[in-house]
């Protein structure tokens, strides 16, 4: 029992610190947002490479140029999706990301040819998957933060910068609410296993969590500033996408961990695992929410 109490205390303290850091990064300003997700980006990449290396030991033989170069190339995708407010010595970061990205495209294959004993397309494929799974998702998150302008922009009372925080926060809160509600409902009435990949998940918890997520986000979208009354139907859609696709993302990462024969992707957050454990749902949900924004709200 003492162990359980200590474990609960550790998980609770870690959760409080995690939420505090996330909110600080999300809400302070555009630079804190960029720094937060840059750290998360590199953390996810480090764990992804370890997982892939455990699944296919041949991936551990990639050169340091490949290992770290692909991380930096992925970060260039994030840079590319920033806007003109992000500048370094007067140069917009998205221009730096574009030119560095082109540089990596030319230089990395040449270095690989010079220093690797042989070129292995399978290892290149793993890294390409990482660029799509991790780097593109965080790049699109930057785009949601920096480029979203609400259709009723002539009527809003807040700055566009503050509006830029609304969609990312709404998406992240949707993921958090879905996970929390699914756990609570599953613990109370869950009986029917949802998937062999994650035996603790139940249909009751998954469906109940999704429904409650949509309801809570819809109510928040209707009553809470700055988004109160702002196209509640779109908040319902975003919450539904987050709940459904986020669950798939969680199962996909669980499958990866099973294949790698590990319990957690990392140990950066005591009691909660690593970066991929915390952001697996969000990583897959971001592109779908981004597409919804582009196709419907824009």
Q.
For residue 28, only one of the following conditions fails: (1) closer than 25 Å to residue 273 by Cα; (2) under 21 Å from the mean Cα position of the chain (by Cα). What is its number?
A. (1)
Q) Among the residues of the range 171-185, how many are touching a helix residue (DSSP H, G or I) at 6+ places or on another chain (Cβ under 6 Å) and more than 14 Å from residue 247 (Cα to Cα)? A) 1
(Q) Testing residue 18 on (1) surrounded by 14 or more Cβ atoms within 10 Å (Cβ to Cβ); (2) over 22 Å from residue 170 (Cβ atoms); (3) touching a strand residue (DSSP E or B) at 6+ places or on another chain (Cβ under 9 Å), one condition comes back false. Which one is that? (A) (2)
Q: Those residues that are buried (at least 18 other Cβ atoms within 10 Å of the Cβ) and over 14 Å from residue 30 (Cα atoms), I need them from the range 140-149; list them, please.
A: 140
(Q) Test of understanding: among 291, 297, 283, which residue is touching a residue at least 24 places away in the same chain (Cβ under 8 Å), surrounded by fewer than 16 Cβ atoms within 10 Å (Cβ to Cβ) and within 20 Å of residue 165 (Cα to Cα)? (A) 297
Q: Starting from residues that are touching a strand residue (DSSP E or B) at 6+ places or on another chain (Cβ under 8 Å) and not in a helix (DSSP H, G or I), keep the ones in the range 84-100 and report whichever is farthest from residue 47 (Cα to Cα).
A: 84
Q: Output the number of residues of the range 71-83 satisfying the condition of being at pLDDT below 90 and either in a helix (DSSP H, G or I) or surrounded by fewer than 18 Cβ atoms within 10 Å (Cβ to Cβ) (or both).
A: 1
**Q.** Set 241, 236: member being without any contact (Cβ under 8 Å) to a residue 40 or more places away in the chain and under 21 Å from the mean Cα position of the chain (by Cα)
**A.** 236
**Q.** residue 72 vs. criteria within 25 Å of residue 253 (Cβ to Cβ), in contact with a helix residue (DSSP H, G or I) (Cβ under 9 Å, 6 or more places away or on another chain) and without any contact (Cβ under 8 Å) to a residue 40 or more places away in the chain
**A.** yes
Q: Please give the number of the condition residue 240 fails out of (1) touching a helix residue (DSSP H, G or I) at 6+ places or on another chain (Cβ under 8 Å); (2) surrounded by fewer than 18 Cβ atoms within 10 Å (Cβ to Cβ).
A: (2)
Q) In the range 8-21, is there at least one residue being closer than 30 Å to residue 145 by Cβ, touching a helix residue (DSSP H, G or I) at 6+ places or on another chain (Cβ under 9 Å) and modelled with pLDDT of 90 or more? A) yes
Q) In this structure, is residue 197 under 25 Å from residue 40 (Cβ atoms) and either touching a strand residue (DSSP E or B) at 6+ places or on another chain (Cβ under 8 Å) or buried (at least 16 other Cβ atoms within 10 Å of the Cβ) (or both)? A) no
Q: Among what's in the range 100-133 and is at pLDDT 85 or above and over 22 Å from the mean Cα position of the chain (by Cα), pick the residue that is farthest from residue 256 (Cα to Cα).
A: 100
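The values are calculated or read from the model by the stated rules, or taken from the named source; none is laboratory data. Just so we're clear, the structure is a prediction, and the values are computed from it rather than from any experiment. Methodologically, a virtual Cβ is constructed for each residue, glycine included, from the backbone with ideal geometry; neighbour enumeration extends over all protein chains shown.
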